[in-house]
Amino acid sequence: MITTKEKFPRINKMADFFENTAAGIAGMPKVAYWGGEENFRGNRVCIDFYKEHCRQRGIFDNHFFSSIPFILEEECRLGASILSYLLNKGGGHIYTLGTAEATMARTIGKLGSGDIKTFSCTPTASNLISFNRLGIPQNSFLHIAPYCEIEISDIRKYIPAFSGFDIIVEDTTFQMYSSHRTIQIDFVKKKLKSDGIFCFIEKFNCDDPEEYLSREINKDRNFKARYFDETSIVEKRRDVLETMGNGQVTINEFEKCLMNHFQYAAIIWNSTNFYSIVASNSKVNLLELIAGMPDAFITREFCYLVKLPIPLYGIPEIEIPRLEREERYVV
């Protein structure tokens, strides 16, 4: 257990924000972003996942998906790819930490038809309302506690035969606690199988502060302003984002920490200052997951990487699977 938890903003200074937003009494957009089937460019696997995801969607999701350009589409792309990957292996276990009402996990559990069990955690009790909105899920479990308190004994209360997760997804969680990525990754990685895959969705600092600010302005003016009024955007920037900024790291800093834990890593998505990174000690498994992913569903204005996916380290460029299409983004 990480013993300095009392210092973490997510479970003290920002606790009320997340509780009120999960309950739907604050932080709600004037109109919520729901995307649409057309954004998946005819990919039936992602469209089917998206439809069930919409059905499973929770209250906090309205805030989250309306705040970050096309992270809804990325969650569905990643979730559909994880689902296919695990079903091809005959099933497995997935852990999503700090993912509010665990909509992606519940969707994977539902579509996995019993072959996949999902475990999620959140320190926000109100998320349990959305989690159980359609009835208590048969294949997905939500534990009310911060990730830094989760021990293997907690997981075995829900999954008695648990011996390690095949995939772990950290979704904008570590940055809410601290910038100590080596300690954070080490704590969570103990629950991952030796050949498992760790997926990170995080907001990163830029080496150039002006570049970081430029991307923030782009996100707020050209996406977020469609769904939130200006007062809400300013208040969140003051009350939450400035605090969260203290827990962010740069890509280079993250890479150095990650290399202490995994031999291979790749960047699979970018939206303004947000990135998705996958890492593993099994190159075979990592490349298999990446190979099953369609191209990122995001417009050019928010994606600052021309080519995706790209190796972060450990994997030669030539080994990264890519679909050969001239147009890589939704327009």
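Do you know which of the residues in the stretch 63-102 that are at pLDDT 95 or above and of a type in the set (S, T, N, Q) is most open to solvent (accessible area, probe 1.4 Å)? Applying the filter and picking the extreme gives N88.
Quick one: in the stretch 103-137, which of the residues that are open to solvent by 10 Å² or more (accessible area, probe 1.4 Å) and hydroxyl-bearing (S, T, Y) is farthest from R10 (Cα to Cα)? Ranking the qualifying residues of the stretch 103-137, first place goes to S113. The residue of the stretch 159-185 that is nearest to F64 (Cα to Cα), among those that are in contact with a strand residue (DSSP E or B) (Cβ under 8 Å, 6 or more places away or on another chain) and aliphatic (A, V, I, L, M), is V169.
Which of the residues that make up the stretch 167-189 are farther than 14 Å from A279 by Cβ and of a type outside the set (S, T, Y)?
The answer is D171, Q175, M176, H180, I183, F187.
Scan the stretch 282-322 for residues that are of a type in the set (F, W, Y), open to solvent by less than 20 Å² (accessible area, probe 1.4 Å) and part of a loop (DSSP other than H, G, I, E, B) and report the count. Can you show your working first?
Initial filter on the stretch 282-322 (of a type in the set (F, W, Y)): 297, 302, 304, 313.
In the following step, the residues that additionally are open to solvent by less than 20 Å² (accessible area, probe 1.4 Å) were identified as 297, 302.
Filter once more, keeping what is part of a loop (DSSP other than H, G, I, E, B): 297.
Summing the residues that are of a type in the set (F, W, Y), open to solvent by less than 20 Å² (accessible area, probe 1.4 Å) and part of a loop (DSSP other than H, G, I, E, B) in the stretch 282-322 gives 1.
Pairs linking a residue in the stretch 133-150 that is in contact (Cβ under 8 Å) with a residue 40 or more places away in the chain to a residue that is small (G, A, S), with Cβ atoms under 8 Å and 6 or more positions apart or on different chains, are R133/G58; L142/A102; L142/S120; P146/G98; Y147/G98. Residues that are polar (S, T, N, Q), under 22 Å from N273 (Cβ atoms) and open to solvent by 30 Å² or more (accessible area, probe 1.4 Å) do occur in the stretch 206-226. For the stretch 23-51, name all the residues that are open to solvent by 80 Å² or more (accessible area, probe 1.4 Å) and either among the polar types (S, T, N, Q) or within 22 Å of T122 (Cα to Cα) (or both). Result: I25, single match.
The values are calculated or read from the model by the stated rules, or taken from the named source; none is laboratory data. Note that the coordinates shown come from a computational prediction; the quantities given were computed from them, not determined experimentally. Glycine gets a Cβ as well: all are built from the backbone with ideal geometry, and neighbour counts include every protein chain shown. Please note that ligands, DNA and RNA were not included when accessible areas were found on the heavy atoms of the full protein model with its side chains. Shrake-Rupley method; radii C 1.70, N 1.55, O 1.52, S 1.80 Å.
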